[in-house]
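Each reported figure results from applying straightforward, stated rules to the coordinates on display, with no laboratory input. A quick note: this is a predicted structure, and the numbers were derived from the prediction, not measured. When we count neighbours, we look across all protein chains shown, and the Cβ atoms used for this are built from the backbone with ideal geometry, even at glycine.
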Amino acid sequence: MESEDTRDREHAPVVACVPNFSEGQDRVLIRALAETMATVAGARVMHVDPGASANRTVVTLAGSPAAVVEAAFRGVSFAVRHLDLRAHRGVHPRLGVADVVPFVPLQGVTLADCAALAQGFGARVGRELGVPVYLYGASASSPERASLARIRRGQAEALPIKLGRLPPDFGPATYSPAVARTGATVVGARDVLVAWNVTLDEDREDLARAIAALVREGGVEGMPGVRAIGWSIKEYGRAQVSTNLLDWRRTSPAALTAAVTRLAGGMGVGVAGSELVGMIPEAALLADGGPSSGDRDADLRAAATSLGLDHLGPIDLWARLLDQQAPGLVDPLR
């Protein structure tokens, strides 16, 4: 009988990449950016998620490692040619026009493999595009550089000082008009995370910030693996607690939403619903959502409804499931 290990080795390697670009308003430019990445055979652009107030677009692509690396490079190259950080205004923290480029193992590859991809990718961006590149996460060149938030602290406005005090791993280490236009790019390797925002029913940025400080890891509530900020989204007319769940197995979207709902209620405001940015593993959406009915589709719809994922409008849930959309993926992401 064939062993499970043997079957796993025969599965084609699948890598995801989730580049974040500092443009979320110009839909023509965003479409052209996505189409540029989609021209690479073997890599699929699975989802494009622009945000106007954040002025940021999150692209999710997956496929063979070499194809995904090439597609991501074409995306960064497009951003470097067409975007200008000096004109950027948005609520999301940013360091560069191609702000962060994480590589994520999905099947047949390890986090260490993705770290090696990130290092090679970062070297190429620095060498060919002339952009300062910082490595973070599993590819960080030193422990103090592992944190994305630490590298991005002070944002693009701090780059003239940052380049001297925290030299990039690749690319120019001096500030120039070209660097002012492109900013720096942070490249890394990480596991699957879930970008999950909880929308308050009022535009109370002060309360969103207070709740974010409580739920983030290290805060009073101290939810494991949670990175959180609070902001106001103009097009929604409401504030949000915006989070990255670095390990959804430890803190699920349902658990995070429940905590924010409880804390918001204690401050006299309600929760309108949740917003998924990018894509999510099916198991993460169902985690902590109660007993299974035995009907997968019904359970997914029930989870989406209970979490309020449609409060901003209809959501094509199936198109947002990483397990369903990643090409060549055999096993569910559990």
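For region 4-189, the direction-averaged projected area of the alpha-carbon convex hull comes to 10.2 nm². Neighbours of MET46, meaning other residues whose beta-carbon lies under 13 angstrom from its beta-carbon, give a summed charge of -1 when Lys and Arg score +1 and Asp and Glu score -1. Peptides 191-199, 247-255 ranked from most to least packed by the mean count of surrounding Cβ atoms within 10 Å: 191-199, 247-255. Compactness of region 67-170, taken as the C-alpha radius of gyration over 2.2 N^0.38 Å, stands at 1.07. Sorted from greatest to least, the principal axis extents spanned by the alpha carbons of the chain come out as 60, 54, 39 Å.
For region 220-294, the list of GluC sites (Glu not before Pro) that fall in a loop by DSSP and count at most 13 other C-beta atoms within 10 angstrom reads GLU235.
As a length-normalised measure over Cα pairs under 8 Å and 6 or more apart, the relative contact order of the chain settles at 16 percent. Estimate the FRET efficiency between ARG27 and ALA180 by the formula 1/(1 + (r/R0)^6), using the beta-carbon distance for r and 22 Å for R0, to the nearest 0.05. Step by step, r from the Cβ atoms, then E = 0.30. At q = 0.11, 0.12, 0.23 Å⁻¹, work out log10 I(q)/I(0) for region 194-325 with the Debye formula, treating every Cα as an identical point scatterer and leaving solvent out; two decimals please. So the normalised log intensities work out to -0.35, -0.42, -1.43.
Helices assigned as whole DSSP H runs in the chain whose Cα atoms extend at least 24 Å along their own long axis and whose mean Kyte-Doolittle hydropathy is -1.0 or higher are found at 65-82. For the pair ALA213 and ARG262, label points projected 7 Å from Cα toward Cβ lie 2.0 nm apart.
Note on region 147-193: Kirkwood radius taken over Cα pairs, Stokes-Einstein applied at 10 °C and 1.306 mPa s, translational D equal to 138 µm² s⁻¹. With 0.36 nm allotted per residue and the present C-alpha distance subtracted, the ARG334-SER293 stretch has 12.9 nm of extension available.
Is region 239-299 best put as rounded, prolate or oblate by its Cα gyration tensor, with a ≥ b ≥ c the root eigenvalues, rounded for a/c under 1.5, and otherwise prolate when a/b is larger than b/c, oblate when not? The shape class here is prolate. Just to be sure I understand: of the beta bridges DSSP finds with both ends in region 4-189, what percent are antiparallel, rounded to 5? Of the beta bridges lying entirely in region 4-189, close to 70 percent run antiparallel. With Cα atoms defining each centre, region 15-52 and region 62-128 are spaced 11 Å apart in the structure.
Report note on the peptides 56-69, 204-217, 321-334, 114-127: ranked by the mean count of other C-beta atoms within 10 Å, highest first, their order is 56-69, 114-127, 204-217, 321-334.
Qualifying trypsin sites (Lys or Arg not before Pro) in region 265-324, where qualification requires a DSSP coil assignment and no more than 11 other C-beta atoms within 10 Å, are lacking entirely.
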